[in-house]
Amino acid sequence: MDKTLKWLATFTLIVGSFVNALGVYPLGPIILILGGSLWLSVSIMWKEKSLIVTNAVMTLAGIIGLVLS
C-alpha cells in the first residue's frame, strides 16, 4: 500500500509544481497541499521523523498561504 501511495504522492507533487508554476491559483497550491498530505501519510506509516516534520511543515505552509491569500 505504501509504495502505491508514495508514487501517487510524488506524481501529485510533480503535477502541482507545474500547475503552480503556470500560476493557476488556487488549484496549484491545493494540489501541492494534497501531495504533501499524501507524503505525510506515507511518512507516518514509515515512522520516519524527518519526513514527517518536512511534509507536515510544507503542508501547513501551503494551507496558511491559501488562507491568508
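How would you order 54-61, 32-39 from highest to lowest mean count of nearby Cβ atoms within 10 Å?
Those peptides, ordered most packed to least, come out 32-39, 54-61.
Pairs of alpha-carbon atoms within less than 8 angstrom and 6+ residues apart define the contacts here; what relative contact order does the chain have, in percent?
Averaging sequence separation for qualifying contacts and normalising by length gives 31 percent for the chain.
Could you list the residues of segment 49-67 with an amide nitrogen less than 13 Å from a label point located 7 Å from the Cα of D2 in the Cα-to-C-beta direction?
49-52
Between helix 49-68 and the chain, what is the angle of the helix's C-alpha long axis to the longest principal axis, kept within 0 to 90° and rounded to the nearest 10?
Approximately 20 degrees, to the nearest 10.
Give me the angle, in degrees from 0 to 90, between the Cα long axis of helix 27-46 and the longest principal axis of the Cα atoms of the chain, rounded to the nearest 10.
10
Please sort by residue number the trypsin sites (Lys or Arg not before Pro) in segment 3-69 whose DSSP state is loop and whose Cβ has at most 10 other Cβ atoms within 10 Å.
Listed in order of number, the matching sites are K47.
In degrees between 0 and 90, to the nearest 10, how far off the longest principal axis of the chain does helix 2-21 point, with axes built from Cα atoms?
Helix 2-21 sits at roughly 20 degrees to that axis.
Run a plain Debye calculation on the chain (Cα atoms as equal point scatterers, no solvent) and give log10 I(q)/I(0) at q = 0.20 Å⁻¹, rounded to two decimals, same order as the q list.
-0.75
Read-outs: derived from the displayed coordinates by stated rules, not from any lab. Since we're looking at a predicted model, the values are computed, not measured. Cβ sites come from the backbone with ideal geometry, for glycine too, and all protein chains shown count toward neighbours.
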